[in-house]
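Presented below is the structure to which this report refers.
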Amino acid sequence: MVTLKKDESVVIIGLGSALVINELTDAVSKSLNQEERLFALDMHELKFIDSSGLGGLVAQFKQVNVQGGKLVLYGLTPFVQKLVEMTKLNRVLTIASDEVEAKFLLSK
C-alpha cells in the first residue's frame, strides 16, 4: 500500500512491503496534477521487486522528469539495492541512503 506525506516541498511516497505499481502511478500523477515536482520514494519496507516493478519505477522517474520535477529513491533494502545495481538502474535513477540525503539531492 502506497502512503503519501508532504514535508515542506517534497512529496514522500512510502511503498510498503510490496510495490503496487498502479497505486504508485496514481499517487505520482495526482501529485503532479497538484503542481508538486519533488518526490522521494521511501523503499525501506520494500522486500521484493520484479522486472515489472523496476520498469514501473523507471516510468515514474521519466514521468516526473518530463514534468520538470525530480524523483529520488531512498532506503533500499539489500535485495532491492543489489537488483538495482545488477540491472545498472543505479546509473539512471537517483538513489539516496536516507530521507535526509534524498531531500538534500532534491534541493540541488
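The values are calculated or read from the model by the stated rules, or taken from the named source; none is laboratory data. Since the model is a prediction, treat every value here as computed from it, not as a measurement. Cβ placement follows ideal geometry from the backbone for every residue including glycine, while neighbour counts extend to all protein chains displayed.
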Open item on the list: Of everything in region 15-30, what is under 13 Å from the mean Cα position of the chain (by Cα), outside any helix (DSSP H, G or I) and surrounded by fewer than 19 Cβ atoms within 10 Å (Cβ to Cβ)? Give them in sequence order.
Closed with: G16, V20
- [ ] Filter region 31-87 for residues that are hydrophobic (A, V, I, L, M, F, W, C), in a strand (DSSP E or B) and buried (at least 21 other Cβ atoms within 10 Å of the Cβ) and give the result.
- [x] L38, F39, A40, L41, L71, V72, L73
Open item on the list: Take V100 and tell me if it is free of Cβ contacts under 8 Å to residues at least 40 places away in the same chain, β-branched (V, I, T) and not in a helix (DSSP H, G or I).
Closed with: no
Task: Positions within region 88-108 being over 13 Å from the mean Cα position of the chain (by Cα) and exposed (fewer than 13 other Cβ atoms within 10 Å of the Cβ), in sequence order - done: K88, R91, V100, F104, S107, K108
- [ ] Consider V11 carefully, then state whether it is touching a Phe, Trp or Tyr at 6+ places or on another chain (Cβ under 6 Å), among the hydrophobic types (A, V, I, L, M, F, W, C) and at pLDDT 95 or above.
- [x] yes
